[in-house]
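Beneath this line is the structure, given in structure tokens, with notes to follow.
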Amino acid sequence: LSTLTVMAALSKTTNDTLPASPLEHRRPDAKPLVLVAEDHEDTRFMLSYLLDLRGYQVVEAADGEEAVLLAGRLCPDLILMDMSLPRLDGLAAMLRIRQLDALHYVPVVFLSGHAQPDIRAAALAKGGNEFLVKPLKLSELEIAIERQLGEDCASRAGQQSQERKDNYHEGF
């Protein structure tokens, strides 16, 4: 399932047709859903592409308000949140997301170009689970995702990614 498919499905959905709790309708073998909240299109694309290659479902938000809306509708398994988002910064967006019962404990990994220790400390003190500094090192991002989703969830995504690659190669 690609980012475009998720977004197209979301755009066709109204609040009246959303399940009361999207988590109840997710199959246990489903790929983990990651919300990427990033205002820079190239960074958002890169993150989405890398996550998709590793077997995750991805949905994108370009600002904090959109991140809150999508999180409430889709109940992602993990949120990658830029700290400096338009309309609502990453910290404020996370605090709003945490007010939703179904998302109170969803892991939030902050991504920031600001490496100052006080910014990192504030993000973690207010409820962020991890804080990574841009430019991101892929290995650090993978470790953070695995740590937040757990090895089972991350390895399931990787296994589905490998199966997709195997099926692709068998077609030739």
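All of the numbers you see were taken from the coordinates with simple rules; none came from a lab. Because the structure is a prediction, the values reported are computed rather than measured. Note that each Cβ is placed from the backbone with ideal geometry, even for glycine, and that neighbours are counted across all protein chains shown.
Could you give the length gained on full extension between Lys137 and Asp118, defined as 0.36 nm per residue of separation minus the Cα-Cα distance, in nm?
Gain in length upon complete extension: 4.7 nm.
Could you check the simple spin-label distance between His104 and His40, using points 7 Å along Cα→Cβ, in nm with one decimal?
Output for this residue pair reads 3.6 nm.
Would you mind checking which residues have amide H under 5 Å from Phe110's amide H? H placed 1.01 Å from N; only 5 or more apart, or other chain.
Met81, Asn129, Glu130, Phe131, Leu132
Out of the stretch 87-142, which chymotrypsin sites (Phe, Trp or Tyr not before Pro) are coil in DSSP terms and have no more than 10 other C-beta atoms within 10 Å?
Counting only loop positions with at most 10 other Cβ atoms within 10 Å, the chymotrypsin sites (Phe, Trp or Tyr not before Pro) in the stretch 87-142 are Tyr105.
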